[in-house]
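Q: Here it is: the structure, laid out below.
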Amino acid sequence: MKILQVIDSLDAGGAERMAVSIANELAAHGHDSHLCVTRAEGLLKKTIDKKVGYIFLNRKGKLGIRGLYKLYKYVKKNDITHIHAHATSFFLASLIKKALPSLIYIWHDHYGNAEQLQDRPQGWIKWASNLSSQNIVVNELLLEWHKNILGKNNAIYLKNFAQKTESDTTEISLPGKPGKRIVHLANLRPQKDHLNLLQAFEKIESDWDLILVGKDFNDEYSEQIKNYISSRKLENRVHILGARNDIGSILNQCDIGVLSSKSEGLPVALLEYGLYKLPVIMTNVGACKKVVGSYGKVVAANQPLELNNAIEELINSKEEREQLGTAFNKHVLLNYGATSYINQLVNLYKSHV
């Protein structure tokens with residue numbers, strides 16, 4: 001098998017991390033692994049293993065005919081047998097499948113707004129899904145949607161995995177005091193509901209700091225976050241770091257991991273918190289509650305007071321922080337490890353040969 005992962009960008013988002021991680025792990029397990037980035041490179045390019053074949057299409061416009069032809073030639077030249085399309089790259093992969101009917105096409109749906117699936121457009125998705133041999137989803141809400149709306153009865157839920165991609169022992173300069181840092185690892189997108197977290201955090205009367213890590217798109221939502229921080233005079237306590245390629249070092253120097261989303265799939269950030277033994281607090285959206293189980297604190301979405309109470313509880317108990325962090329770490333390593341995931345994925349690939 002010769003397997004090509006396809007993703008639209010290399011920004012540090014969950015779907016992008018999964019695409020790169022899968023490509024890297026397949027190569028590490030001895031498979032002929034390739035990665036195609038269709039529209040924009042980014043921070044994650046540095047994490048691609050040298051054994052992974054790589055192509056960047058620099059695709060422009062809705063169709064991007066030149067990029068499409070470039071990918072067609074790459075697939076032919078490298079005798080690609082499987083094309084594994086992540087998130088919105090499904091349309092391009094579908095076109096390649098139409099041109100090369102023998103190609104095995106798999107769509108990996110990372111859709112983050114799982115709580116608003118009734119509003120999701122279906123036209124092009126149904127067309128592309130009809131061409132796929134297999135659909136993979138990242139939570140049970142999406143699984144039901146794929147089966148009931150798209151009619152893909154063989155769709156499967158495959159849990160995300162996380163891996164350490166760089167040294168976590170490097171000391172870096174971070175705002176805040178050691179032992180008193182809360183981290184929120186999420187790009188600045190509305191579904192991540194940073195304002196919910198800020199409303200919860202501003203009520204905390206302590207010398208803890210909140211560190212926001214994730215791509216800033218400098219849009220209206222980003223301005224709302226910055227204006228809130230400024231209007232509440234939180235500049236000395238809340239720090240926006242933007243997109244970073246030293247996530248491991250950051251997490252290793254933080255003390256509580258939070259996700260305040262109003263909608264999710266299965267956030268890779270949550271698993272990364274576990275890898276670095278952070279006690280976690282997250283909202284009950286997507287697969288979060290199922291992933292965490294009893295190893296973290298789960299609160300209702302869009303309830304800043306409830307979120308505040310959970311944060312206060314962990315701030316006030318170092319013992320609970322250590323117990324939850326250690327337990328969640330063991331849980332993630334046992335149930336969301338890379339080797340188990342890759343074995344399942346390779347078996348899936350083989351089932352369509």
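The values are calculated or read from the model by the stated rules, or taken from the named source; none is laboratory data. This is a predicted model, so every value here is computed, not measured. Every residue, glycine among them, receives a Cβ derived from its backbone with ideal geometry; neighbour counts consider all protein chains shown. Ligands, DNA and RNA are excluded from the accessible area calculation, which covers all protein heavy atoms including side chains. Shrake-Rupley method; radii C 1.70, N 1.55, O 1.52, S 1.80 Å.
Q: Anyone know which of Phe217, Phe328, Phe56 comes out most mobile in the 10 Å Cα GNM of the chain?
A: Taking springs between Cα atoms under 10 Å, the residue moving most is Phe217.
Q: Counting pairs of alpha carbon atoms under 8 Å apart in space and at least six apart in sequence, what relative contact order in percent does segment 216-344 give? Before the final figure, lay out the partial values.
A: Numbers: 140 pairs, mean separation 27.9, N = 129.
That works out to 22 percent.
Q: Here is a follow-up. Quick one: Karplus J couplings for segment 195-201, per residue in order, coefficients 6.51, -1.76, 1.60, θ = phi - 60°, nearest Hz, x for Gly and Pro?
A: So the Karplus estimates, Gly and Pro as x, are 5, 4, 5, 5, 5, 6, 6 Hz.
Q: For helix 90-99, what angle does its Cα long axis make with the longest principal axis of the chain, in degrees from 0 to 90 and rounded to 10?
A: So the inclination is approximately 10 degrees.
Q: Additional query: Taking only Cα atoms and a 10 Å spring cutoff, compute GNM fluctuations for the chain and point out the largest among Ala327, Ala19, Ala269.
A: The residue that fluctuates most here is Ala327.
Q: Something else now. Express the Stokes-Einstein translational diffusion coefficient of segment 224-304 in µm² s⁻¹, to the nearest whole number, given a Kirkwood radius over alpha-carbon pairs, 25 °C and a viscosity of 0.890 mPa s.
A: Details: Rh = 14.0 Å.
Stokes-Einstein gives a translational diffusion coefficient of 176 µm²/s.
Q: Rounded, prolate or oblate: which fits segment 144-300 when a ≥ b ≥ c are the square roots of the eigenvalues of the alpha-carbon gyration tensor, with rounded for a/c under 1.5 and prolate only if a/b beats b/c? Intermediate values should be presented prior to the final figure.
A: On the way: a/c = 1.86, a/b = 1.43, b/c = 1.30.
Prolate shape, in that a/c is at least 1.5 and a/b is the bigger ratio.
Q: Can you compute 3J(HN,Hα) from phi for each residue in segment 175-180, using the Karplus curve 6.51 cos²θ - 1.76 cosθ + 1.60 with θ = phi - 60°, rounded to whole Hz and x for Gly and Pro?
A: x, x, 8, x, x, 9
Q: Estimate the FRET efficiency between Asn78 and Glu220 by the formula 1/(1 + (r/R0)^6), using the beta-carbon distance for r and 30 Å for R0, to the nearest 0.05. Can you show the working numbers first?
A: Details: r = 42 Å, r/R0 = 1.40.
It comes to 0.10.
Q: On average, how much area does the Cα convex hull of segment 265-353 cover when viewed from any direction, in nm²?
A: Working: hull surface 25.4 nm².
That works out to 6.3 nm², a quarter of the Cα hull's surface.
Q: May I ask which residue of Gln116, Ser222, Phe56 lies farthest towards the positive end of the charge dipole of the chain, with charges of +1 (Lys, Arg) and -1 (Asp, Glu) on Cβ and the Cα centre as origin?
A: Phe56
Q: Along the positive direction of the dipole of the chain (beta-carbon charges: Lys, Arg +1; Asp, Glu -1; about the Cα centre), which of Gln134, Leu44, Asn24 reaches farthest?
A: It is Gln134.
Q: Considering just Cα atoms, how many Å³ per residue does the convex hull of segment 1-105 enclose?
A: Values: hull volume 8.7 nm³, N = 105.
Normalising the Cα hull of segment 1-105 by residue number yields 83 Å³.
Q: Taking only DSSP H segments of four or more residues, each worth -39500 (n - 2.57), what value at 222 nm results for the chain once the sum is divided by all its residues, to the nearest 500 deg cm²/dmol? It would help to have the intermediate numbers written out before the result.
A: On the way: 13 runs with 139 residues, N = 353.
Mean residue ellipticity, 222 nm, calculated: -12000 deg cm²/dmol.
Q: Which three semi-axes in whole Å describe the equivalent ellipsoid of the chain, each the square root of 5 times a Cα gyration tensor eigenvalue, listed largest first?
A: Numbers: eigenvalues 253, 82, 78 Å².
Taking √(5λ) for each Cα gyration eigenvalue gives 36, 20, 20 Å.
Q: While we're here: Please give the Cα centre distance for segment 242-267 versus segment 285-311, rounded to the nearest Å.
A: So the separation of the two Cα centres works out to 15 Å.
Q: Which net charge results for the neighbourhood of Phe56, defined as the other residues with beta-carbon distances under 10 angstrom from its beta-carbon, given Lys and Arg at +1 and Asp and Glu at -1?
A: Working: positive: Arg39, Lys45, Arg59, Lys70; negative: Glu41.
Net charge around Phe56: +3.
Q: What does the charge count around Glu202 come to, taking other residues whose C-beta lies under 11 Å from its C-beta (Lys +1, Arg +1, Asp -1, Glu -1)?
A: Details: positive: Lys203, Arg232, Lys233, Arg237; negative: Glu205.
Charge balance in the 11 Å sphere: +3.
Q: How large is ³J(HN,Hα) for each residue in segment 243-255, as worked out from phi by the Karplus curve 6.51 cos²θ - 1.76 cosθ + 1.60 (θ = phi - 60°), to whole Hz, x for Gly and Pro?
A: 6, 9, 10, 10, 4, x, 5, 5, 5, 5, 10, 10, 10
Q: Return the long-range amide H neighbours of Leu35 (sequence gap of 5 or more, or a different chain), with a cut-off of under 5 Å between placed amide H atoms.
A: Result for Leu35 returns Gln5, Gly53, Tyr54, Ile55.
Q: A further question on this structure: Would you mind classifying segment 178-261 by shape? Square roots of the alpha carbon gyration tensor eigenvalues, ordered a ≥ b ≥ c; an a/c under 1.5 is rounded, otherwise it is prolate if a/b is larger than b/c and oblate if not. Write down the numbers at each step before the final one.
A: Numbers: a/c = 1.71, a/b = 1.10, b/c = 1.55.
Since a/c reaches 1.5 but b/c is at least a/b, the shape of segment 178-261 is classed as oblate.
Q: Shifting gears a bit: Under 5 Å between amide H atoms, partner at least 5 residues away or on a different chain: which partners does Lys152 have, H built in plane at 1.01 Å?
A: Long-range HN contacts for Lys152: Lys147.
Q: Leaving ligands, DNA and RNA out of it, report the carbon-plus-sulfur percent of the accessible area of the chain at a 1.4 Å probe. Show your work: numbers first, answer last.
A: Numbers: 7390 of 15190 Å².
The value for the chain is 49 percent carbon and sulfur by accessible area.
Q: With just the Cα atoms defining each centre, how far is segment 147-218 from segment 1-25? Give it in Å.
A: Here the two parts' Cα centres lie 19 Å apart.
Q: Follow-up question, since we're still on this one. How high is the relative contact order of the chain, in percent, counting Cα pairs under 8 Å that sit 6 or more residues apart? Kindly include the intermediate steps, with their values, before the conclusion.
A: Values: 686 pairs, mean separation 54.4, N = 353.
That works out to 15 percent.
Q: Treating only the Cβ of Lys, Arg, Asp and Glu as charged (+1, +1, -1, -1), what charge dipole size does segment 203-353 show about its Cα centre? Round to the nearest 20 debye. Each step should come with its number before you reach the end.
A: On the way: 16 positive and 18 negative charges, 99 e Å.
Taking the Cα centre of segment 203-353 as origin, the dipole is about 480 debye.
Q: When only alpha-carbon atoms are used, what values of Rg and Dmax, in angstrom, describe segment 137-222?
A: Here Rg and the maximum Cα pair distance are 18.5, 53 Å.
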